[in-house]
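Everything below concerns the one structure shown next.
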Amino acid sequence: ALRSLFYMRSAKREELFFLRLPPLPLGIVGMAAKKLYRCKVLVNVQDIYPDFAIEAGILKNRLLIRLAKALERRIYDAADHIIVISEDFKRNLSGKGVKDEKITVISNWVDTDTIQPLKKNNLLASRMGLNDKFVVMYAGSITFTNQKTLSGLLKVAERLREMRDIIFVFMGEGLKKKMLQEEAASLGLANLQFFPFVAYADLSQALAASDILVVPQDDAQKEFSVPSKCYTFMAAGRPLLVLGESSSEVSNMVRDADAGICLSPIQDDTIAAALVKFKDTPEKCRQWGENARRYALAHFSREKVLRQYQECIAALSR
């Protein structure tokens, strides 16, 4: 926000002012720039606020909710154009009265040059003790948007605890990690391991250690937050197991790419049976992984996404 304020002070009339939300109050800077300098304002929405905070139980005060919703409307009204990262987001904004022609859907990009499919039994996998195991991995933040679904995955691990060649891995940090660690400890899950985030330079090796990558999405959050890690998983060339609403955009994308399977997070018996089947059909998993990589290159490469931004900015600048 401070950087935006400094930029606003140096802004020239008719410049384009680009804002990435959240945080929602940052939109005030854009409104001020538009009024004071007649700048055109392009807003990029990464998460739908305050809806996300309300559904997650973070924002509960009724007065603050009303104020946040009013601010959200003012920001969208002031924006000359809005970029959202999913069709679900576009529908959300359309439902709030934003005209469709004012909204462009452009997904986030992934560095497909850095994130590459690698051999499963690599140096990092060896250090983590994951070689020669069927690894079900979640890599990312452990927070409000996925805690419920990841907790359900612990029940799947409990069902498969006697299968010594299947191991579950949670790699990441977040507000809900400690709670999941305590829950896993109470269940005595020797087949589940927690690891911290790895350096970005090592991410390809870490993801390559998996046999299937889990994309958890609590149902209440599917319209307000998109797990962009899904694009990274696809770039890594690994099959995806989406645990969430079958009608969500992520589920539709994985089906379109033929890059994995989408299941309800509450059916732990079905998930467990599916994982056993995948372990016994490695050729199917390999094909899903190849499909995922192709889809990432075609839809989420940096070059493709930046070209879409350039086209949007050029149109707005005319």
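For the range 89-200, place one equal point scatterer on every Cα, skip the solvent, and apply the Debye formula. What is log10 of I(q)/I(0) at q = 0.11, 0.16 Å⁻¹? After summing over all Cα pairs, the log10 values are -0.52, -0.86. A simple rule links phi to the HN-Hα coupling: the Karplus curve 6.51 cos²θ - 1.76 cosθ + 1.60 with θ = phi - 60°, which for the range 44-54 gives 10, 9, 8, 9, 8, 10, x, 3, 4, 5, 5 Hz, with x for Gly and Pro. With all protein chains in place and a 1.4 Å probe, the accessible surface of the chain carries 53 percent carbon and sulfur. Using Cβ point charges alone (K and R +1, D and E -1), the dipole size of the chain about the Cα centre works out to roughly 1180 debye. Near the amide H of L192, within less than 5 Å, lie the amide hydrogens of F168, all on another chain or at least 5 residues away, with H placed in the peptide plane.
Ligands, DNA and RNA aside, K284 has an accessible area near 90 Å² when probed at 1.4 Å.
Sort the range 26-76 into rounded, prolate or oblate with this rule: let a ≥ b ≥ c be the square roots of the eigenvalues of the Cα gyration tensor; rounded if a/c is under 1.5, and if a/c is not under 1.5, prolate when a/b is larger than b/c, oblate otherwise.
Note, shape of the range 26-76 comes out prolate.
Hey, what did the chain get for relative contact order, percent, Cα under 8 Å, at least 6 apart? 17 percent. Using the Cβ-Cβ distance between S186 and D132 with R0 set to 25 Å, the FRET efficiency from 1/(1 + (r/R0)^6) comes to roughly 0.30. Take the alpha carbon atoms of the range 240-318, find their center, do the same for the range 147-172, and report the distance between the two centers in whole angstrom. First find each Cα centre; the distance between them is then 21 Å. Would the range 152-292 count as rounded, prolate or oblate if I go by the C-alpha gyration tensor, calling it rounded below 1.5 in a/c and otherwise prolate when a/b exceeds b/c, oblate otherwise? Rounded, because the longest to shortest axis ratio a/c is under 1.5. Over the C-alpha atoms of the chain, the Rg to Rh ratio, Rh being the Kirkwood estimate, stands at 1.01. Using just its DSSP H runs of length 4 or more, each adding -39500 (n - 2.57), the chain gives a mean residue ellipticity at 222 nm of -14000 deg cm²/dmol after division by all residues.
With R₀ fixed at 35 Å, the C-beta to C-beta distance from K304 to L36 puts the FRET efficiency at about 0.50.
The values are calculated or read from the model by the stated rules, or taken from the named source; none is laboratory data. Predicted model, so just to flag it, every value in this text is computed and none were measured. Cβ: placed from backbone, ideal geometry, glycine included. Neighbour counts: every protein chain shown. Side chains are part of the model used for accessible areas, which takes the heavy atoms of the whole protein and leaves out ligands, DNA and RNA. Shrake-Rupley method; radii C 1.70, N 1.55, O 1.52, S 1.80 Å.
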